[in-house]
Amino acid sequence: MVTPGRRELHKRATRQALQEAATRMFEERGYADTTVRDIAEAVGVTERTFFRYFPSKEDLLLGEVLDLIPELGRLVRARPGGEEPYTAVCNALLDLAEQRGMGVGILFSGLPGRAFSRSGNGSVLLDFEDALMEALRDRLTTAGAEARGLRLRASVLARASVAAMRATVAEYHELPAAEQTLEAARGLLRRAFDMLR
């Protein structure tokens with residue numbers, strides 16, 4: 001195994017610092033009110049340096065959101081076997097919020113509408129749905145669910161879960177700014193998933 005050199009370590013540290021500063025600012029100020037200049041200045045680099053790491057502010061944001069997807073799938077699989085599928089997904093999202101601290105708040109930071117519609121050649125929504133479908137299918141298989149129709153059931157459960165998550169984000173942004181807290185987001189998420197049951 002090759003140990004990365006100082007230059008590579010510095011590049012990784014700069015990239016991570018930019019991501020962390022952006023995540024914090026998106027959550028504090030919202031996506032629209034955070035500029036590339038703000039993010040770069042918080043890390044002590046130039047805007048030009050920012051663009052060496054990320055083609056745009058939206059690309060940085062999408063990277064953060066996409067990083068949540070495999071982690072969410074893992075957490076859904078790790079939930080207790082007796083939990084109903086919607087409960088498992090909701091609790092996995094709450095676990096993710098707890099583990100990431102502010103990190104999961106990126107979903108509530110005022111994402112531009114197109115952020116969920118495209119990620120390179122695919123769709124962030126489809127990526128979320130597919131990851132949840134696989135995790136739920138694994139859970140249902142382990143629980144001994146009948147194989148016939150298993151993929152369809154997992155697919156419906158996953159897509160409804162993502163719809164509940166999106167509805168939560170939309171409802172969150174209707175709250176007065178002073179009430180837009182991670183605790184409020186958690187409460188809305190629980191209510192949305194309760195409506196699915």
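Rule-based calculations on the coordinates, nothing more; no lab input. Being a predicted model, the structure only gives us computed values, none of them experimental. Cβ coordinates were reconstructed from backbone atoms using ideal geometry, including for glycine residues, and neighbour counts include every protein chain displayed.
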Apply the Karplus parameterisation 6.51 cos²θ - 1.76 cosθ + 1.60, with θ equal to phi minus 60°, to every residue of the range 6-22 and state each ³J(HN,Hα) to the nearest whole Hz, in sequence, with x for glycine and proline.
-> 4, 4, 5, 4, 5, 4, 4, 5, 5, 4, 5, 5, 5, 5, 5, 5, 5
Checking rank on 147-154, 127-134, with mean other Cβ inside 10 Å and highest first, the result is 127-134, 147-154
Want the number for Glu28 to Ala170: 0.36 nm per residue separation, take away the alpha-carbon distance, what's left?
-> 49.4 nm
Label-to-label distance, nm, for residues given as Leu66 and Ala42 (7 Å Cα→Cβ offset) = 2.1 nm
Among 55-64, 168-177, 85-94, 6-15, what's the highest-first ranking by average C-beta atoms within 10 angstrom per residue?
-> 85-94, 55-64, 168-177, 6-15
